[in-house]
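To start, the structure under review is shown below, and the notes come after it.
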Amino acid sequence: MPTIAIQRGEMSAGAARNVAIDFTDKLDTGELLTGTPTITEVTTSDLTLSNKAVSTASLTILGETVAIGKAVQFKVSAGSGLLGQYTVRITVSTDATPAQTFVDDYVLDIR
């Protein structure tokens, strides 16, 4: 069962937003995210999800610096008629041996 990401997004209908989700607290010491994450909308296919990647630069998320390889980034676009709450599922693997896989849900409110 997926966990709910601490980050929660808000955007206007017709907008596009860059999203970054921090996985630092789930990673073991020295462990990094790897590969291309799978990012899908859970209940509809209304949103456009693109630019799915593990971070390649340090980022500031919720006021904290997040190191390279410890966050997932993507772009979400919402059509002009979309309103409501959407859930986006993020599945990403790590470079641990054996590899771990994390599944988190990101909640997005479109107003």
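Only the coordinates and a few stated rules stand behind these numbers; no lab work does. A quick note: this is a predicted structure, and the numbers were derived from the prediction, not measured. Every residue, glycine among them, receives a Cβ derived from its backbone with ideal geometry; neighbour counts consider all protein chains shown.
Does region 93-111 contain at least one residue that is surrounded by 16 or more Cβ atoms within 10 Å (Cβ to Cβ), more than 20 Å from Ile6 (Cβ to Cβ) and not aliphatic (A, V, I, L, M)? Yes: region 93-111 contains one or more residues that are surrounded by 16 or more Cβ atoms within 10 Å (Cβ to Cβ), more than 20 Å from Ile6 (Cβ to Cβ) and not aliphatic (A, V, I, L, M). Kindly indicate whether Gly35 is touching an Asp or Glu at 6+ places or on another chain (Cβ under 8 Å) and more than 16 Å from Val19 (Cβ to Cβ). Here the answer is no, as Gly35 does not meet what is asked.
From the list Glu10, Glu64, Glu31, the lone residue that is under 26 Å from Arg111 (Cα atoms) and acidic (Asp, Glu) is Glu10. Condition first: farther than 18 Å from Thr101 by Cβ and touching a residue at least 24 places away in the same chain (Cβ under 8 Å). Now tell me which residues in region 35-55 satisfy that. Within region 35-55, Glu41, Thr43, Thr44, Asp46, Leu47, Thr48, Leu49, Ser50, Asn51 qualify. With the requirement that a residue be outside any loop (DSSP other than H, G, I, E, B) and free of Cβ contacts under 8 Å to residues at least 24 places away in the same chain, what does region 56-111 give you? Hits for region 56-111 are Thr60, Thr65, Thr101.
The rows are residues; the columns are (1) of a type in the set (Ser, Thr, Tyr); (2) closer than 21 Å to Thr94 by Cβ; (3) surrounded by 16 or more Cβ atoms within 10 Å (Cβ to Cβ).
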| residue | (1), (2), (3) |
| --- | --- |
| Gly9 | no, no, yes |
| Gly14 | no, no, no |
| Gly35 | no, yes, no |
| Thr44 | yes, no, no |
| Lys52 | no, yes, yes |
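Has region 45-53 got at least one residue that is β-branched (Val, Ile, Thr), touching a strand residue (DSSP E or B) at 6+ places or on another chain (Cβ under 9 Å) and part of a loop (DSSP other than H, G, I, E, B)? No, region 45-53 contains no residue that is β-branched (Val, Ile, Thr), touching a strand residue (DSSP E or B) at 6+ places or on another chain (Cβ under 9 Å) and part of a loop (DSSP other than H, G, I, E, B).
Residue by residue, here is whether (1) of a type in the set (A, V, I, L, M, F, W, C); (2) under 9 Å from the mean Cα position of the chain (by Cα) holds:
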| site | (1), (2) |
| --- | --- |
| Val72 | yes, yes |
| Ser80 | no, no |
| Val92 | yes, no |
| Ala96 | yes, no |
| Gln100 | no, no |
| Asp104 | no, yes |
| Ile110 | yes, no |
